[in-house]
Structures are given as structure tokens and as C-alpha cells.
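S.K.: Got a structure for you, questions after.
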Amino acid sequence: MMITNKIIFDNLISGIENTRVSYICIGINFILLESDNGCGLAQTPSRNTAGCSEIRQAGNLIEMPLKEIATWVRSKNPIEIAIGMAAINASYNRYDLKGRNENGLSTLSNLKGPITTIGRFPGLSKYISNARVIEQEPKPGEYGVIDTNKLISDSEGVVITSSTLTNKTIGPILELAKHKIVCLVGPSTPLVPSLFNLGINVLAGTLITDLEHMKTHILEGGAVKSMKNYSTFKTLIPE
């Protein structure tokens, strides 16, 4: 089976419970959406992103069913895609979810072969010493997107930022990374075991532990670095 964005999003949407949306805020760096069962995060796209336009039904989102908002990941409007991703995570990333309270990067630390990371991760060198980092705007020592095929092909492990869900590059990356050890990492990661059937071996996301302070953090422009004060790592691996 070829892994595509459509297959990934159909998989995620199909398991969503149509619960109530109780709160949503759209900060400059992150979106937070709260449902009856949990709370979801997704990275806010830049306002000048191509195709980023006004949000439909703005002012009435809290009146929409969770599953309907989740279908916005199929939108062509980047800000709506991100809101849809936050809704998906609000369904799966429940406050009572069982998993490992550890940074998912640690699960690849014992691999002997090369590890390629799609995205730059804080503290990466603490867990992985042999990582090759791919970034859209690479710094010295990093690689550009043009090197993706070459680097993944000879990797033992691949770490993928969960922002690839909102920019819809995850399907082609997972297709390239078949038969590799794949870890999906970041606050936007949906912690749902059905993704293990689509070539992902480790799901490493974020569960919010202090909702009121996290709401303020998001509204005041907070980003990943200080989220740890109001959340915990949660990592799932197949049993």
C-alpha cells in the first residue's frame, strides 16, 4: 500500500468521537482546542503562508461538532488545516492517556546506523549523536530538503516533526521511510495507535497538565520551549 496524505487523514478522522468543543484559541505560534475528552495542539502557520486566508465560521467555531472541525485538515487554507489538526489531537490526546512519560527521541538512541531527522529538535544531541538534520532553511552542518531522498534511503531511523501533518508533506516522507524505524515527534502528534499501521513505530507527543496556564501561554505567543512548564511528554510504541 502506498502511504498518502489522504490515507493518513482518513485514518485519523474515522476514529474521532463527535464530542463537544469547549474552548479554542489561536495564538501566533500555536493553536489550542479543548474537547470534553482532551486538548489538542497544532502549530499556527505564518500569516503570509500561501493560501492562508480568513477562517470560515470565525466566531462560531465553538458551536461546531469536533469531528466537523477535524475534517478541516482536508482544507486548502493552511490556518484551517492547523485548526483541524488541533481538533484531531483534542480527540486522541486525552488527559488520561496511558503511555511512557519520556521524550520520544530517546527511543532511537540505541540505533547503530544513521538517523535522519525531518526538522530541527531542541536537545536532539542529548538523545541522538549521529543525526543528520533536514530543514527548509538549513543552518551550517544541516541539510536541505533536496537531500531528503538520499539521506532517508541509507538511514536506520527517521525522526519526523509532526508539523509535516499540517504542511501535508508527511505522506511522501513516510513512503520514503518504509522499512525504517520511524518516530513522529512534536506537540501536534496525534497519539493514536492506528498510525502504527502506516509505517510509524513511535508516536511522541504532548499532553497538557495545566490547562489554564497553557491557554494563557498560547494566547501570549508562547512556543515549544516553555510549553514543558504546562505539559508532559507522552510516548506510545506498539506492544
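S.K.: Quantify how much of the Cα-Cα distance distribution of segment 1-123 extends past 19 Å, in percent.
M.R.: Values: 4154 of 7503 pairs.
Summing the P(r) of segment 1-123 above 19 Å gives 55 percent of all pairs.
S.K.: To the nearest 10 square angstrom, what accessible area does Glu156 show with a 1.4 Å probe?
M.R.: Accessible area of Glu156: about 70 Å².
S.K.: Out of Gly144, Gly199, Gly38, any idea which swings most in a Gaussian network model of the chain, alpha carbons joined below 10 Å?
M.R.: Maximum among the listed residues: Gly144.
S.K.: For segment 33-79, with all protein chains present and a 1.4 Å probe, just round the carbon and sulfur fraction of the accessible area to a whole percent. All intermediate terms of the calculation are to be shown ahead of the outcome.
M.R.: Details: 1100 of 2440 Å².
For segment 33-79, the apolar C and S fraction of the accessible surface comes to 45 percent.
S.K.: Just want the answer: with Cβ charges of +1 for Lys and Arg and -1 for Asp and Glu, which residue in Leu165, Ala131, Ser153 is farthest toward the dipole's positive end in segment 107-191?
M.R.: Highest projection toward the positive end goes to Ala131.
S.K.: Can you list the lysines whose alpha carbon is less than 22 Å from that of Lys112, not counting same-chain residues fewer than 8 positions off?
M.R.: List returned: Lys126, Lys150, Lys178, Lys180.
S.K.: Got a number for carbon plus sulfur as a percent of segment 81-239's accessible area, 1.4 Å probe?
M.R.: Numbers: 3810 of 7420 Å².
Roughly 51 percent, rounded to a whole number.
S.K.: Given +1 on the Cβ of Lys and Arg, -1 on the Cβ of Asp and Glu, and no further charges, what dipole in debye does the chain carry about its Cα centre, rounded to the nearest 20? Before the final figure, lay out each step's value.
M.R.: Working: 23 positive and 21 negative charges, 84 e Å.
Taking the Cα centre of the chain as origin, the dipole is about 400 debye.
S.K.: Just for the chain, what percent of DSSP beta bridges are antiparallel, to the closest 5? Can you show the working numbers first?
M.R.: Details: 18 of 35 bridges.
Counting DSSP beta bridges with both partners in the chain, the antiparallel share is about 50 percent.
S.K.: Also, quick follow-up: Heavy-atom accessible area per residue, the chain, 1.4 Å probe: how many Å²?
M.R.: Ligands and nucleic acids excluded, the result is 48 Å² per residue.
S.K.: Taking only the Cα atoms of segment 136-226, how large is their convex hull per residue, in Å³?
M.R.: Details: hull volume 11.5 nm³, N = 91.
Hull volume over Cα atoms, normalised by residue count, gives 126 Å³.
S.K.: Rg/Rh for segment 56-131: what does it come to with C-alpha atoms and Rh from Kirkwood? Each step should come with its number before you reach the end.
M.R.: Values: Rg = 17.7 Å, Rh = 15.5 Å.
Here the Rg-to-Rh quotient is 1.14.
S.K.: While we're on this one: Which distance in nm do the two modelled labels at Asn48 and Glu102 give, with both placed 7 Å along the Cα-to-Cβ direction?
M.R.: 4.3 nm
S.K.: What distance in nm lies between label points placed 7 Å from Cα along the C-beta direction at Glu220 and Gln136?
M.R.: Using points 7 Å along Cα→Cβ, the separation is 2.8 nm.
The values are calculated or read from the model by the stated rules, or taken from the named source; none is laboratory data. All values derive from a computational prediction rather than experimental measurement. Backbone-built Cβ (ideal geometry, glycine too); neighbour counts: all protein chains shown. Heads up: the accessible areas ignore ligands, DNA and RNA and are worked out on the full protein's heavy atoms, side chains in. Shrake-Rupley method; radii C 1.70, N 1.55, O 1.52, S 1.80 Å.
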